[in-house]
Amino acid sequence: MRITCIERVLIATPSVAETRRQWARAGFAIAPNEHELEGVRFAGLAAGAIEIDLCEPVGGATAPLAATVAEAASRGGGIIGWTWGVAPGEPRANLPVRLPGVEASALPPGLAGLFTGALEVTGDENARCHLHLETFGSNPNTVEFLEHIVVMAPALDDAIATHEALGIPCKRIREVGNGTRQAFFKLERTVIEVVGPTRDRAGGWGLAFMCGDIARAVALVRENGLAATEPKKAVQGGLIARAVDPIDGVSIAFMQAP
């Protein structure tokens with residue numbers, strides 16, 4: 001299976017209605033329509049070529065995704081996984097997962113605490129960006145793409161092996177201190193940063209978004225009643241600012257390139 005990109009990120013929430021308000025306050029354009037599929041209600045937004053689905057459990061469905069959403073929502077929500085985009089014609093597992101507008105295939109368990117699926121992607125990054133712009137509109141906070149996803153892993157070496165078995169090589173490993181390390185993987189413009197070992201719950205922790213104007217992003221968040229830190233120099237260069245309070249357990253950062 002040749003993975004080419006991250007196609008969408010899935011975030012569980014106890015209430016789509018409430019999380020729509022919170023992500024809008026953070027400056028994201030939310031699609032007006034919602035979808036209810038196999039025990040999950042979806043609302044969507046986008047960061048460049050990557051769709052972000054906000055997922056609320058409805059009913060008592062036992063489909064793999066519905067069960068994962070329900071469990072995460074019961075503890076306040078959070079990043080529950082993503083779908084890999086795979087090249088046309090690549091073989092995939094045959095357990096279907098219905099998502100808004102597409103049908104993915106659930107994959108065997110990979111990273112601890114995360115649900116992953118795969119679906120065929122025919123458009124390149126620019127084509128997907130254009131499609132999402134038409135569907136969701138531009139983000140008032142000037143977010144242009146998802147710069148990185150932060151994941152906590154109980155065993156970093158296992159996480160590295162899981163990615164490399166999928167054909168996604170580890171770009172580098174960084175020593176953080178006290179026995180903790182970070183491993184970095186990259187697909188298109190998005191970095192997957194895996195931190196381990198973690199004492200906290202394994203799985204998705206946060207999202208960092210690249211903005212065209214980080215000052216505008218911070219000002220908008222504050223105008224909408226949310227707290228954000230002042231932009232400062234980022235380790236990778238450029239600037240970074242953080243929303244003080246997570247949304248559905250997801251820590252959010254805004255970045256601006258050097």
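Coordinate-derived values only; no laboratory data. Being a predicted model, the structure only gives us computed values, none of them experimental. Quick reminder, even Gly has a Cβ in these numbers, built from the backbone with ideal geometry, and neighbours come from all protein chains shown.
For residue 229 and residue 95, the difference between the fully extended length at 0.36 nm per residue and the C-alpha to C-alpha distance is 43.9 nm.
Within the listed set 97, 150, 176, the residue fluctuating most in the Gaussian network model of the chain (springs between alpha-carbon atoms under 10 angstrom) is 176. When the Cα gyration tensor is reduced to axis lengths a ≥ b ≥ c, the ratio a/c is 1.5 or higher for the stretch 1-130, and with a/b not above b/c it is classed as oblate. Among 22, 182, 236, which one moves the most in a GNM of the chain with springs linking Cα atoms closer than 10 Å? Of 22, 182, 236, the most mobile in the Gaussian network model is 236. Under the combined filter of DSSP loop state and at most 14 neighbouring Cβ atoms within 10 Å, the stretch 67-118 retains these trypsin sites (Lys or Arg not before Pro): 75. Highest mobility in the GNM of the chain, judged by mean-square fluctuation with C-alpha springs under 10 Å and restricted to 99, 166, 220, is found for 166.
A full extension of the chain between residue 34 and residue 174 corresponds to an added length of 46.4 nm, given 0.36 nm per residue minus the alpha carbon distance.
The simple Förster model, with R0 at 51 Å and r as the Cβ-Cβ distance, assigns residue 67 and residue 213 a FRET efficiency of 0.80.
Round to a whole angstrom and tell me the spacing of the C-alpha centers of the stretch 188-258 and the stretch 92-164. Using only Cα atoms, the two centres lie 18 Å from each other. A simple spin-label model places pseudo-atoms 7 Å from Cα toward Cβ; at residue 222 and residue 58 they are separated by 3.8 nm. Spin-label pair residue 24-residue 75: with each label point 7 Å from Cα along the Cα-Cβ axis, the two points sit 3.0 nm from one another. For the chain, a Kirkwood hydrodynamic radius built from all Cα pairs, placed in the Stokes-Einstein relation at 25 °C and 0.890 mPa s, yields a translational diffusion coefficient of 133 µm²/s. For the stretch 137-256, the fraction of C-alpha pairs farther apart than 25 angstrom is 28 percent. Spacing of the modelled spin labels on residue 131 and residue 155, each 7 Å from Cα toward Cβ, amounts to 3.7 nm.
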